[in-house]
Every structure is written in structure tokens, then in C-alpha cells.
Amino acid sequence: MSANFEVLRGDLNQARAVETPPLVPLSGEIVLRIEKFALTANNITYGVAGDLIGYWQFFPAEGDWGRIPVWGIGEVSSSEHPDVQIGQRFYGYFPMSQELRVKPAKITQRGFADASEHRSALPVVYNQYSLVSPENGFAPGLDNHAMLYRPLFTTSFVLDDYFADNDFFNADSVILGSASSKTAFGLAFMLHRRGGKKVVGLTSQSNKDFVEKLGIYDEVLCYDEVENLADEPSAYIDMAGNKEVLARVHHHLRENLVNSCSVGITHWDARQGEDPTSLPGASPTMFFAPSQIVKRNKELGPEVYQQRITQATDAFFAVVDNWVSIQEAPLNEVEQVYRTVLKGPAPNIGYIVTS
Ligand SMILES: NC(=O)c1ccc[n+]([C@@H]2O[C@H](COP(=O)([O-])OP(=O)(O)OC[C@H]3O[C@@H](n4cnc5c(N)ncnc54)[C@H](OP(=O)(O)O)[C@@H]3O)[C@@H](O)[C@H]2O)c1
């Protein structure tokens, strides 16, 4: 039998393990044995925003249950496709399961796209599976880093690029909400490297020490210190999605808040608060990384832009182990890891679940 981990779509606190018969590929399909995957607040966001953005549709489950997508690596265990061989390993979007059946299309030396009918209307980026090989940018020995940081740090990179591309909307300070999250400190790493702007982190009391010790924020404040933010032209880049904090940042900075950029909802259970559209200062706007990627690919060419992302990722990988240790857990402990991440994980641990 094949193991799967599911949650109730309407109540992420309810979870169950489900056994299903082993998957068999039909003509043109392959089955991937999922080796391992990373689990961070980003995946919880997929669950919270599952209906809004269609995340539940990638890996359908029975009734009210859903399979939250994760970034992982799978090895082809059986193939009914002439161009995909047993033993090849692919990085991409998986359920928290032991197996996934896909229908490879657009096959190149770099990977393929899953052309399964139920995924056809979903964003292309999530249907792409990349061959895990050094030639394809996967350094040997860094599989865990790829699964844990690639999806997050690419967003950090594109955010830094987007703000620089827009002259930081004339902000002197950049304030990051949920400063201890990997996406936020990836961005702080880029901003610190770039220089020229004050980088301020907002975080929980319990994570303040961690954020200070990173050494890439110029100032670190707890959420109850929002009113101590310097009243100067500022941009707020929000990974927390905490509506109460958002309102306090807007009311404190008013017209000095020149940009309010919504990126995440790590505080997924703190979504009650003032209507964001009626807050003073710049209107909160959802960040959409693909738009900036398309723009820069046109301006620079996709090879150059990808090369810049790769160089920055390498630099980040070279330091991140000083800050975060990767902890592996077997698939039969996935529920414990999930509940830890759901409640708010310690920022100095990155979780990988292995099958
Ligand atoms: N829009 C995009 O394209 C995009 C791409 C990547 C990531 N994101 C978003 O960015 C956010 C960060 O993701 P990540 O994977 O980098 O996070 P992560 O490293 O797992 O973040 C952990 C941090 O999140 C906060 N947190 C998590 N759960 C919490 C809870 N239940 N209650 C209170 N605080 C909690 C805590 O930070 P603090 O104490 O500092 O608040 C904690 O240290 C996610 O919402 C993700 O979806 C968006």
C-alpha cells in the first residue's frame, strides 16, 4: 500500500493518514516514488489559500479532505513513457505521499511538465518537474537545500529585484513582517548585500534573538513595538499577513508608508482586522512574482536572469547553514512535523520529511 497525509480543507487542524493501493502508470504516464520533501509555513499558506488559488486541485482527495502540495524530489519507479526512464530523479510539486502519477509532456533535457487533465488550468510553474542533475543546477549533496529554499529564495530574489527596479518607491527603510521566516530573511540577505536601505525586521518576541543574530537586519522590533518604527519614507513587505499588525504599521506611518506589499500569511490564524483597503498610506497590494519575472526575462533574456538567480542562490546557500539546521523526519512522523509547522516552527530549523 501507499501512504498519504491529508488535512480537512476547511479546518487545517484536522489531519489523517490514508493508505491507497500502489499507483500503476497508464500509457504515456509515469509513477514517481517521492523520496523526500520540505515543509514550511509556505505550505500552510497553500492550505489556507487552497480554494482561492486552486492549490487543492493539484492532488485531489476524497470528500472534504485535501492534499497540501510540498516541494520535493521523486524518483521514477515505473514508466509507460518512452522518454522518461526508471531511476531518473525529478524536483517539483508533490503531495505529502509516497507516490505520484504524472503524464510527462514537453520533455527536454531539463525536465517535463505534467499534462494530466486535472492540472491543465493550473499555473505552469507548479506543473514543471526538473531533472535533478548538476548540469541542471542541482549541486550534489544539496538536495535538501533545493527543496527547502529554492521556492522561497526565488521569491526573495524577485522581491529584491522588483523593489530595486522601482527605486524602492522612494522608501528609505524597508520593513519586513515575519522577519524570521526563510522568505523574509532571504530578502533581508539580498537587501543587506545590495546596501543603501535600512532593513527593519518585525517579528515575535520569541524569535527576536534569532533575527538579531542573523546580522542582516539593521533594526529588529517585536510586533508590540510597531509604534517605535522611525517615521520616515518606508515600504512594508509583509510575510505575516497579520491584519492587526498591518493596520498598526499603516496608522503609524500614514503617508510615509510609500508601499505596502503583501507576500505571505505566516500568521494564518490572525486574519481578523480592519479592512486593508481603508487603511492610511499606500494600499496593500498582493505581490505577484511571475509578472516581475516575465518583465525581467524580456529585458535581460531568461538566461541572464536565471544566471543572476543562480548566483544569488549559491551565495545564500553558502551562509544559510550558519542560521538554520535541517532536520529530517520519516514519513510516519509527518503529522508531528505538520503540526509543529502549523503552530509556528522554530526559525532555526528546516524540516525535511523522508519516505
Ligand atoms: N507570494 C509568493 O510568491 C510567496 C513565495 C514564497 C513564500 N511566500 C510566503 O511567505 C511566507 C513565509 O514562508 P516561509 O516558508 O519562508 O516561512 P517559514 O520559514 O516556515 O516561517 C516561519 C516563521 O513564520 C512565523 N509563523 C509561522 N507560523 C506561525 C503561526 N502559526 N503563528 C505565528 N507565527 C507563525 C514565525 O515568524 P515571526 O515570529 O517572525 O512572525 C516563524 O518563525 C508564507 O506565508 C509563504 O506563503 C509567498
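The values are calculated or read from the model by the stated rules, or taken from the named source; none is laboratory data. Values in this document were obtained by computation on a predicted structure and should not be read as measured data. FYI the Cβ positions are ideal-geometry reconstructions off the backbone, even for glycines, and counts take in every protein chain you see.
Values as computed for the structure displayed
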| read-out | value |
| --- | --- |
| Boolean, Ser130 is surrounded by fewer than 24 Cβ atoms within 10 Å (Cβ to Cβ), of a type in the set (S, T, N, Q), touching a Phe, Trp or Tyr at 6+ places or on another chain (Cβ under 7 Å) and within 14 Å of Tyr91 (Cβ to Cβ) | yes |
| Residue under evaluation Ser291, criteria (1) more than 12 Å from the ligand (Cβ to nearest atom); (2) over 24 Å from Gly350 (Cα atoms); (3) part of a helix (DSSP H, G or I); (4) without any contact (Cβ under 8 Å) to a residue 40 or more places away in the chain, criterion not met | (1) |
| Test: residue in the stretch 317-328 that is closer than 17 Å to Pro151 by Cα, away from the ligand (no atom under 12 Å from the Cβ) and part of a strand (DSSP E or B) | yes |
| Restricting the stretch 219-239 to residues that are in a loop (DSSP other than H, G, I, E, B) and in contact with a helix residue (DSSP H, G or I) (Cβ under 8 Å, 6 or more places away or on another chain), the residue that is nearest to Gly186 (Cα to Cα) | Met239 |
| Residue check for Gly273: outside any helix (DSSP H, G or I), on the phi > 0 side of the Ramachandran plot and crowded, with 19+ Cβ neighbours inside 10 Å | no |
| Candidates Ile53, Ile86 - the one that is loosely packed, with under 15 Cβ neighbours inside 10 Å and under 29 Å from Gly344 (Cβ atoms) | Ile53 |
| Subset of the stretch 138-174 (residues that are charged (D, E, K, R) and in contact with a helix residue (DSSP H, G or I) (Cβ under 8 Å, 6 or more places away or on another chain)) | Arg150, Asp160, Asp161, Asp165 |
| Within the stretch 276-287, considering residues that are of a type outside the set (A, V, I, L, M) and surrounded by 19 or more Cβ atoms within 10 Å (Cβ to Cβ), the one nearest to the ligand (Cβ to nearest atom) | Pro284 |
| Single condition Gln307 does not satisfy, out of (1) in contact with a helix residue (DSSP H, G or I) (Cβ under 7 Å, 6 or more places away or on another chain); (2) more than 12 Å from the ligand (Cβ to nearest atom) | (1) |
| Only one of Gly47, Gly28 that is closer than 24 Å to Pro123 by Cα, of a type in the set (Gly, Ala, Ser), modelled with pLDDT of 95 or more and more than 22 Å from the chain's Cα centre (by Cα) | Gly28 |
| Top-ranked residue of the stretch 1-49 - restricted to ones that are part of a strand (DSSP E or B), among the charged types (D, E, K, R) and in contact (Cβ under 8 Å) with a residue 40 or more places away in the chain, ranked as surrounded by the most Cβ atoms within 10 Å (Cβ to Cβ) | Glu6 |
| Inter-residue pairs, beta-carbon under 6 Å, first part of a strand (DSSP E or B) and in the stretch 112-128, second among the aliphatic types (A, V, I, L, M), 6+ apart | Ala113/Ala105; Asp114/Val102; Gln128/Ala113 |
| Residue pairs meeting the criteria (Cβ under 6 Å; at least 6 apart or on separate chains; first assigned by TED's automatic domain parsing to the domain that holds Phe37, in the stretch 327-344; second part of a helix (DSSP H, G or I)) | Ala329/Val337; Leu342/Ile44 |
